[in-house]
Structure formats: C-alpha cells, structure tokens
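Below is one structure, written out as structure tokens, with a few remarks after it.
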Amino acid sequence: MSKTYHIFISHSWAYPDAYEGLIKLLNKDPNFSYSDYSVPKDNPIHNAGTSKELYNAIKAQMSKASVVIIMAGVYSTYSKWINKEIEIAQTEFSTPKPIIAVEPWASEKTSIKVKEAANKIVGWNSSSIISAIKELG
C-alpha cells in the first residue's frame, strides 16, 4: 500500500486552468496517491464574509496538508491571497509547511516572491512535481 500525500494547492480562482492542469499532472501517475485540501471555487469558504474569515478558513484547510504547492506564474506576484497563503504556510504552524513552487509550462516570467518562499522549485511536469511532494511531504 502506497503512502497518501496530503497537499494544499494555492491557486487563483481567476485562473482555474492552472489548478486543473496541475491536478491532471498529479493524476498521471497511477502509483501516486494524494488528498487535496485546496479551496475550490465552489467551496462555501470562497464567500467568507471577511478577509479574516477567509484567512482562517484557508489556514484550517492548510493545517491538514503536509506540503503546499504554489503556481509560480507571474500573476502570483500580484495576488494578495497567494502572499497570505505563503505567510500561513511559513508562520502559522509549529512546523512550517514546505512550499513547492511550480513554474508554468513554457513560462518566461515567474513570480520571484513565490520562488523565494519555496523549499523546492520544479517545472511543469508530472514526475518532478510528484518527486518534490514525495521528498518534502
């Protein structure tokens, strides 16, 4: 029986294709098992009344994960919530959550903020992402 890895994928609801593409990459390996504690757009916490409620809801989801995956697309640099998710991963738990930065496929510009926060930076391919999860998770 293989280990199930608990992951939180930080993503922008404005760019669902990146999240869905990453899930497809993770699902390519039939021997890799994971639980996704990310916050999908249709989840009720998406409509949290205040920023503090959303922050706490994200923290609660992230607490279940052993590793945080962040898309390192340039939009991440300007995302208030991705920056808050980095803060949560690094400061809100007794042991900081390791961060994996995934550089988008064929991307020339990536987020310096995400890459600086990352414990590991990988390319947009199934084997490198899964390998990083196994190493850090």
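Return yes when residue 53 is assigned to a helix (DSSP H, G or I), over 13 Å from residue 10 (Cβ atoms), at pLDDT below 95 and over 15 Å from the mean Cα position of the chain (by Cα) and no when it is not.
yes
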The one condition in (1) modelled with pLDDT of 95 or more; (2) crowded, with 18+ Cβ neighbours inside 10 Å; (3) basic (Lys, Arg); (4) more than 12 Å from the chain's Cα centre (by Cα) that residue 64 fails to fulfil: (2)
Close pairs from the stretch 76-97: first of a type in the set (Val, Ile, Thr), partner modelled with pLDDT under 95 and assigned to a loop (DSSP other than H, G, I, E, B), Cβ under 6 Å, at least 6 apart: 77/111
Test set (1) hydrophobic (A, V, I, L, M, F, W, C); (2) at positive phi; (3) at pLDDT 85 or above - residue 117 fails condition number: (2)
Residue 115 touching a strand residue (DSSP E or B) at 6+ places or on another chain (Cβ under 6 Å), over 17 Å from residue 6 (Cα atoms) and in contact (Cβ under 8 Å) with a residue 12 or more places away in the chain: yes
Qualifying positions in the stretch 6-16 - at pLDDT below 80 and outside any loop (DSSP other than H, G, I, E, B): 16
Candidate set from the stretch 79-112 (those that are more than 13 Å from the chain's Cα centre (by Cα) and of a type in the set (Phe, Trp, Tyr)); member that is nearest to residue 5 (Cα to Cα): 93
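Quickly run through the stretch 91-106 and pick out the residues that are surrounded by 15 or more Cβ atoms within 10 Å (Cβ to Cβ) and over 16 Å from residue 9 (Cβ atoms).
Hit for the stretch 91-106 is 92, nothing else.
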Among (1) touching a helix residue (DSSP H, G or I) at 6+ places or on another chain (Cβ under 6 Å); (2) modelled with pLDDT of 85 or more; (3) farther than 18 Å from residue 134 by Cβ, the one test that residue 29 misses: (3)
Contacts under 9 angstrom Cβ, first residue in the stretch 119-135 being part of a loop (DSSP other than H, G, I, E, B), partner of a type in the set (Gly, Ala, Ser), 6 or more apart: 119/101; 119/132; 124/21; 124/106; 124/107
Conditions (1) at pLDDT 95 or above; (2) touching a helix residue (DSSP H, G or I) at 6+ places or on another chain (Cβ under 8 Å); (3) among the β-branched types (Val, Ile, Thr); (4) part of a loop (DSSP other than H, G, I, E, B): number failed by residue 95: (2)
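The values are calculated or read from the model by the stated rules, or taken from the named source; none is laboratory data. Keep in mind that what you see is a predicted model, and the values were worked out from it rather than measured. FYI the Cβ positions are ideal-geometry reconstructions off the backbone, even for glycines, and counts take in every protein chain you see.
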